[in-house]
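Visitor: There's a structure below that I have some questions on.
The values are calculated or read from the model by the stated rules, or taken from the named source; none is laboratory data. Predicted, not measured: the structure shown is a model, and the values here were computed from it. Here the Cβ positions follow ideal geometry from the backbone for every residue, glycine too, while neighbour counts run over all protein chains shown. For accessibility, only protein heavy atoms count, side chains too; no ligands or nucleic acids. Shrake-Rupley method; radii C 1.70, N 1.55, O 1.52, S 1.80 Å.
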Amino acid sequence: MATNTFFNGDFKCRFCAECKGLGCVGELPGMGGVNNSRNFILNCSSWDNFAADESIPVTKNDLGIAPVTGAVQNIGFENESDFYINYFSAAKNAGITLCVGDGAPDEKLKLGTEAIAQLNERAYFFLKPYPNGKLYKRIDFIRDKAIAIGMDIDAFNIETMRNQAKLERKSKEQIEELRNYAKLPLMLKGIFTKEDIEVCKEVKPEIIVISNHGGRVETTEGSTAEFLSRYAEELKDYVGEIWVDGGIRKKRDVQVAKQLGATKCLVARPWISRLVKDGVPGMENAIQRLFT
């Protein structure tokens, strides 16, 4: 059951008046990003560089929670298990899309899946790029609760996982093997380079997420808004849906994303901050502000 009080530990967010990546610069483990949070900061600022058609409606279907794990390591929870049911409950209550993440150790995926089951829901699952043999076991574990199964294809470059798990850059053939094994819609998250676009062209996933992992991976410098603007039209030829994350903070940002070609926006950091500070109702209120 969801609760409103979680822990007495040291939460790693700085509770900035506006989450722009400036209060936690470079804090990893923690809420920051690599390279002095350069891409995290660019993600947050770049949406304002584009004109917004404020007549574009923003609905619950346009929003989802980004897949997050590492509640103890990166957020500051005393217990990993305390995070998932509350994070998912707030999203469910607000009527937005549920996304479940993966991590090391395996307990993280297990706890996220159990929370989805407890809520009697199904979700979009994003697995880390483990060797395929290990991924088959993960797919079997989550299959009954999964709407679609995808991978964080950029996660082999996550600084906080380098010493915790064996991750690999996936080839087209390996991705196709996973799709054939899962027999569910394929998602690829972490689309942020021209090489990633080539993978999309070859594999043609049902869903992609333009993402630089919130500025937490070593990759090309830039923002997700800029990447979406530059490549959405091309990507539409290769994929079913284009989702985006990174720096979405207000209704206008969602309108810009939709105008540029995105079908869904994923958010994590500012909602997690409200969750820990004000409980499930606080996170629900933060979500509601983006589509009302």
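Visitor: Can you find a residue that is in contact with a Pro (Cβ under 8 Å, 6 or more places away or on another chain) and either in contact (Cβ under 8 Å) with a residue 40 or more places away in the chain or open to solvent by 40 Å² or more (accessible area, probe 1.4 Å) (or both) anywhere in the range 11-22?
Guide: yes
Visitor: Let me ask another. Output the number of the condition that Leu167 fails; it satisfies all remaining conditions of (1) open to solvent by 10 Å² or more (accessible area, probe 1.4 Å); (2) closer than 24 Å to Ala51 by Cα; (3) out of contact with any strand residue (DSSP E or B) (no Cβ under 6 Å at 6 or more places or on another chain); (4) not hydroxyl-bearing (Ser, Thr, Tyr).
Guide: The single condition Leu167 does not satisfy is (2).
Visitor: Could I ask something else about it? On the given criteria, is Asn43 touching a Ser or Thr at 6+ places or on another chain (Cβ under 6 Å), touching a residue at least 24 places away in the same chain (Cβ under 8 Å) and closer than 13 Å to Gly246 by Cβ?
Guide: Yes.
Visitor: Follow-up. Just need a number here: residues in the range 45-80 that are on the phi < 0 side of the Ramachandran plot, open to solvent by less than 60 Å² (accessible area, probe 1.4 Å) and among the small types (Gly, Ala, Ser).
Guide: Here the count works out to 6.
Visitor: Just one of the numbered conditions (1) within 18 Å of the chain's Cα centre (by Cα); (2) more than 25 Å from Glu27 (Cβ to Cβ); (3) open to solvent by 50 Å² or more (accessible area, probe 1.4 Å); (4) not acidic (Asp, Glu) is not true of Gln118; which one?
Guide: Result: Gln118 passes all but (1).
Visitor: Turning to a different aspect of this structure: I need the full set of residues from the range 58-92 which are in a loop (DSSP other than H, G, I, E, B) and either among the hydroxyl-bearing types (Ser, Thr, Tyr) or free of Cβ contacts under 8 Å to residues at least 12 places away in the same chain (or both), in order please.
Guide: Scanning the range 58-92 gives Thr59, Thr69.
Visitor: Residue check: is Ile147 surrounded by 19 or more Cβ atoms within 10 Å (Cβ to Cβ) and among the hydrophobic types (A, V, I, L, M, F, W, C)?
Guide: When the stated conditions are applied, Ile147 does not pass them.
Visitor: Does the range 105-119 contain at least one residue that is touching a strand residue (DSSP E or B) at 6+ places or on another chain (Cβ under 9 Å), over 25 Å from Val199 (Cβ atoms) and of a type in the set (S, T, N, Q)?
Guide: Yes, because at least one residue in the range 105-119 is touching a strand residue (DSSP E or B) at 6+ places or on another chain (Cβ under 9 Å), over 25 Å from Val199 (Cβ atoms) and of a type in the set (S, T, N, Q).
Visitor: Looking only at residues in the range 34-44 that are of a type in the set (S, T, N, Q) and open to solvent by 20 Å² or more (accessible area, probe 1.4 Å), which one is farthest from Arg289 (Cα to Cα)?
Guide: Checking each candidate, the answer is Asn35.
Visitor: Could you tell me which numbered condition Met31 fails, if it satisfies all but one of (1) open to solvent by less than 30 Å² (accessible area, probe 1.4 Å); (2) closer than 17 Å to Gly279 by Cα?
Guide: So the condition that Met31 fails would be (2).
Visitor: Between Gly32, Gly9, which is part of a loop (DSSP other than H, G, I, E, B) and either in contact with a Ser or Thr (Cβ under 8 Å, 6 or more places away or on another chain) or modelled with pLDDT of 95 or more (or both)?
Guide: Only one candidate passes the filter, namely Gly32.
Visitor: Could you tell me which of the residues Ile158, Ile208, Ile149, Ile153 is under 19 Å from Leu109 (Cβ atoms), touching a strand residue (DSSP E or B) at 6+ places or on another chain (Cβ under 7 Å), free of Cβ contacts under 8 Å to residues at least 40 places away in the same chain and not charged (D, E, K, R)?
Guide: Selected residue: Ile149, the only one of Ile158, Ile208, Ile149, Ile153 that is under 19 Å from Leu109 (Cβ atoms), touching a strand residue (DSSP E or B) at 6+ places or on another chain (Cβ under 7 Å), free of Cβ contacts under 8 Å to residues at least 40 places away in the same chain and not charged (D, E, K, R).
Visitor: Which residues, counting only those in the range 202-261, are assigned to a helix (DSSP H, G or I) and among the β-branched types (Val, Ile, Thr)?
Guide: Passing the criteria: Val203, Thr224, Val254, Val256.
Visitor: Give me a count of the residues in the range 93-127 that are in a loop (DSSP other than H, G, I, E, B) and either of a type in the set (Val, Ile, Thr) or closer than 22 Å to Ile158 by Cα (or both).
Guide: 7
Visitor: Could you say whether any residue in the range 188-198 is open to solvent by less than 60 Å² (accessible area, probe 1.4 Å), modelled with pLDDT of 95 or more, in a helix (DSSP H, G or I) and not hydrophobic (A, V, I, L, M, F, W, C)?
Guide: yes
Visitor: Another question, if that's okay. Go through (1) more than 30 Å from Glu226 (Cα to Cα); (2) in contact with a Leu (Cβ under 7 Å, 6 or more places away or on another chain) for Arg122 and report which single condition fails.
Guide: Tallying (1) more than 30 Å from Glu226 (Cα to Cα); (2) in contact with a Leu (Cβ under 7 Å, 6 or more places away or on another chain), Arg122 fails exactly one: (2).
Visitor: Could you list, in sequence order, all residues of the range 219-257 that are crowded, with 23+ Cβ neighbours inside 10 Å and of a type in the set (Phe, Trp, Tyr)?
Guide: Phe227, Trp243
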